[in-house]
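What follows draws every value from the coordinates through simple rules; no lab data is involved. The model shown is predicted, which means the values in this text are computed figures rather than measured ones. Using ideal geometry, Cβ is built from the backbone for each residue, glycine included, and neighbour counts are taken over all protein chains shown.
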Amino acid sequence: MTTPRSIALLGSTGSIGTQAIQIARAHPDRFRITSLAAGGSDLRLVAQQAAELGVEAVAVARGDEAQLREHLADAARAAGRAAYRPEVLVGDDAATQVAGGGADVVLNGITGSIGLRPTIAALQAGSTLALANKESLIVGGPVVKALARPDQIVPVDSEHSAIAQSLLAGRKDEVRRLVLTASGGPFRGRDHDDLKKVTPAEALAHPNFAMGTVITTNSATLVNKGLEVIEAHLLFDVPFEQIDVVVHPQQYIHSMVEFVDGAVVAQIGLPTMLVPIALGMGWPDRVPDAETPIDWTKASDWRFEPLDDDAFPAVRLARQVGAAGSTYPAVYNAANEECVAAFHDGTIAFVDILPTVAAVVAAHDAESGDLTVEQVLAAESWARGRTHEVLAQR
Ligand SMILES: NC(=O)c1ccc[n+]([C@@H]2O[C@H](COP(=O)([O-])OP(=O)(O)OC[C@H]3O[C@@H](n4cnc5c(N)ncnc54)[C@H](OP(=O)(O)O)[C@@H]3O)[C@@H](O)[C@H]2O)c1
């Protein structure tokens, strides 16, 4: 009998995190979650997760340590483990410490570029990095890539998981292009004028997936697809001009690879994250019954359409920042994170997001030479400040 893989779960209370727990719970022979990290918005939930799973370490970025310990004691009693006392870490660095703890797999399900240091810590510790937090790879780019040995990063983003699976059908030199599918988001088919009045609540109504606020908003602007194009370029070393995006509203095809002979290999499944998360935790082995397969006895229509780059310029801009490299992707992402928060605060309209991001990118002057983490963090901080200046000048 093999021992279960130890998993450090970052972002345990989020959409990816809670689904990862569901998978680990169903397969105790395969996975043992040994540490948890979350932001700290719901200390009670983190404590319940910790006590149920019996993790050795619990980390939160924000929150009162004494209160977390109280919740842990309550949750331990409720779970019938009164003596349970995990290590408790609180602070900005807490997730990074957990990530660097040497688990077999670090599943990074944190939202945003705040996931960069944990990603780096996981790679440096030699753990397999199951990467949902695409932002850390995108902003860290060459810095993150230089730290990763081949196959050390396993994509959890469903499109990239689909591509990793489809790539197994041929050799690297036989790949002609990658085709990322996009749902088109809740505003698919609308033009710029139609988009002027859309509300945060409408932007959060993703047609297929229940995800966190940032990624759901990014799916509505198509920034998420832009980030995914950069992610695909970095993960699979394929030039931007060989990475296409096609709108496929049903999202049964999670993404595809076209080979030199014209064959297209796709990964197909229900539009959920269970298979990519399970495969991220178990790679290269599949996890039995991670998801219900598609029922082919029922009729269904699958549609494909080109992306409307005029109404949704996010992918075009992402290709530009991705090709420019250096700190440009970090600036694109940080400016977008600020705009998403401003949109949800009611400070700006949906259609203000992309022009603001574009203005911040245009004002950025990247340093030349090899990129460092400090340069990435400095560029991000500059981009966040500049975004607020651009918004204040409107
Ligand atoms: N959800 C999906 O279906 C999906 C699909 C593909 C890719 N992804 C990617 O996966 C990542 C997570 O997405 P999500 O939808 O799961 O987001 P989410 O539901 O908003 O969850 C984010 C998680 O990160 C935690 N967190 C925030 N700041 C943290 C910090 N400094 N240290 C430790 N934990 C922190 C949050 O805790 P608090 O709530 O306490 O702050 C929460 O547990 C994103 O990069 C997203 O793009 C998600």
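Some observations on this one:
- Burial ordering of Tyr328, Tyr84, fewest other beta-carbon atoms within 10 Å first: Tyr84, Tyr328
- Ascending count of other beta-carbon atoms within 10 Å, so fewest first, for Thr3, Thr119: Thr3, Thr119
- Largest first and in whole Å, the equivalent-ellipsoid semi-axes of the chain read 32, 26, 21, each the square root of five times a Cα gyration tensor eigenvalue.
- Rounded D (µm²/s) - the stretch 153-210, Kirkwood Rh over Cα pairs, Stokes-Einstein at 4 °C, 1.567 mPa s: 90 µm²/s
- By the count of other C-beta atoms within 10 Å, a proxy for reagent exposure, Glu174, Glu258 are ordered fewest to most as Glu174, Glu258.
- Shape call, the stretch 160-325: gyration tensor on alpha carbons, a/c limit 1.5: oblate
- Glu174-Gln242 pseudo-label distance in nm [points 7 Å out on the Cα-to-Cβ vector]: 1.4 nm
- Cβ-placed point charges (K, R +1; D, E -1), dipole of the stretch 160-325 about Cα centre in debye, nearest 20: 180 debye
- Under 30 Å of direct C-alpha separation, and excluding same-chain neighbours fewer than eight residues apart, Lys197 reaches these lysines: Lys134, Lys225.
- Summing charges over neighbours of Thr3, with a neighbour being any other residue whose Cβ is under 12 Å away from its Cβ, gives +1 when K and R count +1 and D and E count -1.
- Kyte-Doolittle mean at least -0.5, axial Cα span of 18 Å or more - DSSP H helices of the chain: 223-236, 328-345, 373-392
- Electrostatic tally near Arg384: other residues with Cβ closer than 11 Å to its Cβ, Lys and Arg +1, Asp and Glu -1, net -3.
- Using only alpha carbons, the stretch 5-155 has a radius of gyration to Kirkwood radius ratio (Rg to Rh) of 0.97.
- Full extension of the segment from Val373 to Asp345, taken as 0.36 nm per residue of separation minus the current Cα-Cα distance, would add 7.1 nm.
- Whole-number D in µm² s⁻¹ for the stretch 160-255, Kirkwood Cα-pair radius fed into Stokes-Einstein, 4 °C, 1.567 mPa s: 90 µm²/s
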